[in-house]
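Notes for the one structure printed next.
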Amino acid sequence: MARPKNPRNAFLSALEEASQPIYLLDSEQTLVYMNNACQRWLGISADSALGLKCQASALPIEPQDQNLIRGLLPIPIGAPTTLGETLCEVFAVQPDNTAAIRLARVVHLSGQDSESPNPNELIESTLVHVLAEAPENPPATLTPARSLADDLRRIVAELAKVQPNLRSLPGIAGRHPLTWRLRKQLEAASESTANVLMKGNEKCLPDQFARSLCNASLPEPLTLPTLIDGRLADEEQLLETLKSISRRLPTDATSRALLLLLRAESLRATVQHLLRDWLVANSSRVRVFSTSSHSLLELAGLQQFDLELAVRLSTIEIEVPTLSARQSDVPAIAAHWLDQFQSSRHAPPITLSREVVEQLLEFRWTGDLEQLRSVLIEAASRLPNGGVLLPEHMPEVIRFGLQAQRIGRPAEQSLNLDSYLEKIERLLLERALQQSGMNKAKAARLLGLTRQRFLRRCEHLQLNFPKEPIDFRIADDLDSDEIDADSSGDQV
């Protein structure tokens, strides 16, 4: 009689022969099993992948084996069904570092480890079954209900389709029309051979955009880019630099030397003329990437820049939009930057809490991308082991800035000079009367006024005086000064 098959072996054999990828993660997100279809999907062998910890990242990470499995952490897009499974999204990294996102059914398992010294200890694991294709009508119980962190991660993951030299640029994550246009312009410029001008405020980091675009324009440039800073260049320095470039110009007609010109609007007039003449002579063999805080064509229209040089440098003009113009993309840009920053230092990922997202949307980013970068780096330093970024992790500039925005400036009061002077005059008149014991003549002398003028000012300001008692004294007994003052004031 044939010995019956071990159910465990039969189950493992079925998993191995499955046509769709299936893998298993333990409670620490370590890959502990993958079938043959999963190995083909990821392009990595089980011997190389098993035992590696999956680190969620939308950007490439090192080492290469860990980079290939970074998309295996499932992102839930629905609530668990009565059977305990959840519809999620996972992705595999392609050879060109793009991501192929697919739906998967995920089941969370728990059981006992026979090798554990504690027989009552439960072992948590996650079984992931990658579906062949996304169903057109998912079950009603799996209605998408993504969390905020998952939505931001999906936006960041979209950058996997962008050229590798461009996807790490700040400020290109998001769905705002200005962000989408910037991304498309950068991709088009990287595939072109024309000169490119990156226009934007210094706080928008146009220099960083120009450097990355310069590196992305030619996969294998024959010569390294030559850097010229318009704020420092003079005639002698520029002449030596251009001579050096001329000696290294490629002889191949299909190749071009790269020139990186920063702050082009700061070039002196004589330097502009030298550069213009040199570009005219070598336009077919040199490609220039320049930056400027203003449009060079507009400066040329104001007679502040050489027109021909402005036209040559601005063949393709790309403006880096400010954060205030696309405020809705700030959380996505922040999530992208945090993902990139954590990957660069091989640290666990950091996700944004809903409260922090609300702060990022409310804060006025006067320092633009430069300020956002410094804020995120300071906040990430308080989470060395990754986790969720909370409001208490944000720098004081955010907390105090938001308080100041909510309080606002006090309402401006209109100032009326005549009214203000009348208030001061009324105060002085009342004080003089109090010091003189309500004696008008003495009060007038304290203010350096005649009694008649003093009475006119009191009448104009409608000051009320108490009735003075009738004085029955003989005139000789009165103060001669008071008589003189009263008499002088009564004269017409």
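Before moving on, here are some points about what is shown:
Condition check ((1) aromatic (Phe, Trp, Tyr); (2) surrounded by 14 or more Cβ atoms within 10 Å (Cβ to Cβ); (3) modelled with pLDDT under 85) across all residues:
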residue	(1), (2), (3)
SER414	no, no, yes
ASP418	no, no, yes
ARG426	no, yes, no
ALA432	no, yes, no
GLN435	no, no, no
THR450	no, yes, no
CYS458	no, yes, no
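- Search result, residues across region 377-400 that are under 13 Å from THR351 (Cα atoms) and of a type in the set (Gly, Ala, Ser): ALA379, ALA380, GLY386, GLY387
- Considering only residues in region 375-403 that are farther than 16 Å from PRO331 by Cα and in contact with a strand residue (DSSP E or B) (Cβ under 6 Å, 6 or more places away or on another chain), the one that is surrounded by the fewest Cβ atoms within 10 Å (Cβ to Cβ) turns out to be GLY386.
- The lone criterion from (1) farther than 19 Å from LEU186 by Cα; (2) among the β-branched types (Val, Ile, Thr); (3) not in a strand (DSSP E or B) left unmet by THR351 is number (3).
- Of the listed requirements (1) assigned by TED's automatic domain parsing to the domain that holds VAL286; (2) under 30 Å from LEU383 (Cα atoms); (3) not polar (S, T, N, Q), ASP306 misses just one: (2).
- Residue pairs meeting the criteria (Cβ under 8 Å; at least 6 apart or on separate chains; first under 17 Å from ALA149 (Cα atoms) and free of Cβ contacts under 8 Å to residues at least 60 places away in the same chain, in region 343-368; second surrounded by fewer than 19 Cβ atoms within 10 Å (Cβ to Cβ) and of a type in the set (Ser, Thr, Tyr)): LEU361/SER328
- The residues listed here are LEU360, LEU323, LEU352; of these, the one that is touching an Asp or Glu at 6+ places or on another chain (Cβ under 9 Å) and more than 15 Å from LEU159 (Cβ to Cβ) is LEU323.
- Per-region count, region 281-303, residues loosely packed, with under 14 Cβ neighbours inside 10 Å and touching a residue at least 12 places away in the same chain (Cβ under 8 Å): 2
- Within region 355-373, the set of residues being aromatic (Phe, Trp, Tyr) and buried (at least 20 other Cβ atoms within 10 Å of the Cβ) comprises just one member, PHE363.
- Conditions (1) modelled with pLDDT under 85; (2) buried (at least 17 other Cβ atoms within 10 Å of the Cβ); (3) of a type in the set (D, E, K, R): number failed by GLU115: (2)
- Taking the criterion of being of a type outside the set (Ser, Thr, Tyr) and surrounded by 14 or more Cβ atoms within 10 Å (Cβ to Cβ), the residues of region 341-354 that qualify are PHE341, GLN342, ALA347, PRO348, PRO349, ILE350, LEU352.
- Residues that are more than 10 Å from the chain's Cα centre (by Cα) and assigned to a loop (DSSP other than H, G, I, E, B), drawn from region 298-334: LEU302, GLN303, GLN304, PHE305, ASP306, SER314, THR315, VAL320, PRO321
- Here region 159-186 is the region considered, the condition is being of a type in the set (D, E, K, R) and buried (at least 17 other Cβ atoms within 10 Å of the Cβ), and the residue that is modelled with the highest pLDDT is ARG183.
- When every residue of region 241-263 is checked against the conditions, at least one turns out to be part of a loop (DSSP other than H, G, I, E, B), within 21 Å of LEU166 (Cβ to Cβ) and more than 30 Å from the chain's Cα centre (by Cα).
- Complete set of residues in region 239-281 that are charged (D, E, K, R) and within 22 Å of GLU202 (Cβ to Cβ): ARG263, GLU265, ARG268
The values are calculated or read from the model by the stated rules, or taken from the named source; none is laboratory data. It should be emphasised that the depicted structure is a prediction, and the values quoted were computed from it without experimental measurement. Ideal geometry is used to build each Cβ from the backbone, glycine not excepted, and the neighbour counts take in all protein chains shown.
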